[in-house]
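No lab work stands behind these numbers, since they all come straight from the coordinates. This is a predicted model, so every value here is computed, not measured. Positions of Cβ are generated from backbone atoms using ideal geometry, with glycine treated the same way; all protein chains shown enter the neighbour counts.
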Amino acid sequence: MKDIENIELLFLNIDDYQELKKAMIDSYTNMPDSYWREHQIESLINRFPEGQVVIKVNNQIAGCALSIIVNYHQFDDHHTYKELTGDYTFSTHTPEGDVLYGIDVFIKPEFRGLRLGRRLYDYRKELCERLNLRGVAFGGRIPNYHKYANELTPKQYIDKVRRKEIHDPVLNFQISNDFHPSKILKGYLEGDKASNEFAVLLEWDNIYYEKPTEKAVTKKKIVRLGLIQWQMRPYDNLDELMHQAEFFIDAVSGYRSDFALFPEFFNAPLMAENNHLTEPEAIRELAKHTSAITEKFSQLAISYNINIISGSMPEIIDDRLYNVGYLCKRDGSVERFEKLHITPNEAKVWGMQGGTELKAFDTDCGKIGILICYDVEFPELSRLLADEGVDILFVPFLTDTQNGYSRIRNCAQARAIENECYVAIAGSVGNLPKVHNMDIQFAQSMVFTPCDFSFPATGIKAEATPNSEMILIADVDIDLLRELNQLGSVRNLKDRRLDLFELKKKK
């Protein structure tokens with residue numbers, strides 16, 4: 001096609017009908033009587049004008065897309081075209097529906113090869129997102145199937161098309177536009193001999209869809225993280241330590257952060273008063289403060305309107321010592337998490353036990369996971385959390401040397417890539433000369449992202465100054481994770497070979 005001066009995407013007007021009719025006849029040469037009548041086009045325009053569009057090249061109709069909105073659950077999984085369109089009257093259209101259903105789409109033969117069809121499908125997707133519909137669906141013809149009907153079932157035919165062993169111009173085009181085959185529809189379109197009256201139900205999911213709710217809340221899409229790089233220093237008592245903690249909570253809350261993340265064992269300075277005891281005795285004395293700290297954090301979460309991740313603290317249950325933390329939500333609820341993998345030092349010096357429960361947490365900013373320090377070095381844990389839908393993984397940590405920190409940092413960054421999530425790590429800096437087994441600390445708090453075009457090329461969203469007391473504020477966009485999952489350069493979660501392996505929790 002030469003001398004193209006103008007390409008326009010326009011709403012279909014009834015005045016276009018005669019030209020549209022000719023375009024349909026030219027496009028469906030194997031079904032010459034299959035064009036829509038004028039009263040049907042008029043009905044579509046009257047019912048749903050936004051759903052009917054044409055592409056014009058040099059003011060001439062080159063293609064068209066027609067669609068309606070339906071309550072998808074009202075139709076059988078093996079519906080026919082006639083049923084879906086209400087016997088071609090489009091009485092099935094309802095503005096209160098949840099799926100945009102494609103009635104027709106075509107490009108005239110002389111305009112094929114210009115990727116105009118992609119523009120029509122992109123419009124449908126954008127319309128679906130704008131109307132907050134669950135997705136787009138339609139029955140896709142398989143016009144080359146009649147050539148293979150004697151030797152292949154429809155399913156075998158589709159599998160060969162997907163593997164590029166058979167060329168089907170319609171199905172190939174739909175799949176390349178991110179539509180996924182979900183069912184075979186038998187007897188779908190009466191008179192479609194080329195497809196043996198079979199069709200493939202093709203669907204596209206709207207990753208931005210929000211199910212209507214009667215609650216006066218909305219799920220946040222941009223989430224602000226507040227990381228506290230905590231300075232280890234002597235404190236005379238618990239009140240003094242919590243005064244410093246409240247200072248940081250006030251600071252990150254002042255920037256309207258949704259989360260405040262404290263490091264692992266941030267309350268270790270309180271062990272100084274028990275330095276005359278053995279290490280196992282001293283940390284068990286520290287555990288006596290955990291309940292009071294959690295209660296205070298819960299009060300602060302409410303008063304500062306922020307979700308607080310307490311880092312971690314020692315806790316004694318049934319005479320056994322654990323490394324645990326608490327998620328204190330701004331709605332007043334409190335949830336507990338445990339360190340599952342205890343380091344050799346924690347076991348040897350303190351006699352600490354590993355926890356037994358791994359879980360994701362629902363928050364007003366979506367699902368989050370929390371792994372304490374060493375746990376992030378075990379990729380199975382974060383993958384299980386990813387399977388539960390976690391978008392943000394928080395890692396409170398405590399490392400004494402730079403090589404110990406590097407293990408946490410590098411593993412945390414890998415977890416962000418392989419699980420298509422954000423990972424925030426926060427640690428402590430400074431030293432505690434009067435606390436045994438807690439002499440020095442090395443940390444650089446950071447926020448990691450996946451590595452793709454919508455994210456920083458380095459996979460680092462924000463980073464603190466190493467070994468300096470400070471806060472780090474960073475915004476993360478949850479919608480970018482949805483786009484990555486569907487449209488990323490690589491798709492680590494989607495492309496797993498689940499036919500070869502699986503990962504699951506033991507009961």
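Brief remarks on what is shown
- A full extension of the chain between Asn132 and Asp26 corresponds to an added length of 34.7 nm, given 0.36 nm per residue minus the alpha carbon distance.
- With contacts taken as Cα pairs under 8 Å at a separation of at least 6 residues, the chain carries a relative contact order of 10 percent.
- Of the residues Gln40, Ile7, Val54, the one whose Cα sits farthest towards the positive end of the charge dipole of the stretch 3-78 is Gln40 (charges of +1 on Lys and Arg Cβ, -1 on Asp and Glu Cβ, taken about the Cα centre).
- Compared with the direct C-alpha span, the chain from Asp364 to Lys348 gains 1.8 nm at full extension, assuming 0.36 nm per residue.
- Volume per residue of the C-alpha convex hull in the chain, rounded to whole Å³: 186
- Expected-Rg normalisation [2.2 N^0.38 Å, Cα atoms] applied to the stretch 7-205: 0.98
- Annotation note: GluC sites (Glu not before Pro) in the stretch 1-100 located in DSSP loop regions with a Cβ neighbour count of at most 11 within 10 Å are Glu5, Glu96.
- A full extension of the chain between Asp239 and Asn13 corresponds to an added length of 74.1 nm, given 0.36 nm per residue minus the alpha carbon distance.
- Taking Cα centre as origin and charging only the Cβ of basic (Lys, Arg, +1) and acidic (Asp, Glu, -1) residues, the dipole magnitude of the chain rounds to 1120 debye.
- Calculated [θ] (222 nm, deg cm²/dmol) that DSSP helices of n ≥ 4 give over the chain, each run adding -39,500 (n - 2.57): -8000 deg cm²/dmol
- Residue among Gly459, Val476, Ser489 farthest towards the positive dipole end of the stretch 451-497, charges placed on Cβ: Ser489
- Highest to lowest packing among 444-454, 147-157, 368-378, scored as the average C-beta count within 10 Å: 368-378, 444-454, 147-157
- Magnitude of the charge dipole, the stretch 222-485, Cβ model with Lys/Arg +1 and Asp/Glu -1, debye to 20: 260
- Phi angles across the stretch 283-299 convert, under the Karplus curve 6.51 cos²θ - 1.76 cosθ + 1.60 with θ = phi - 60°, into 3J(HN,Hα) values of 6, 6, 5, 4, 4, 5, 8, 4, 4, 5, 5, 4, 4, 5, 4, 4, 5 Hz, Gly and Pro given as x.
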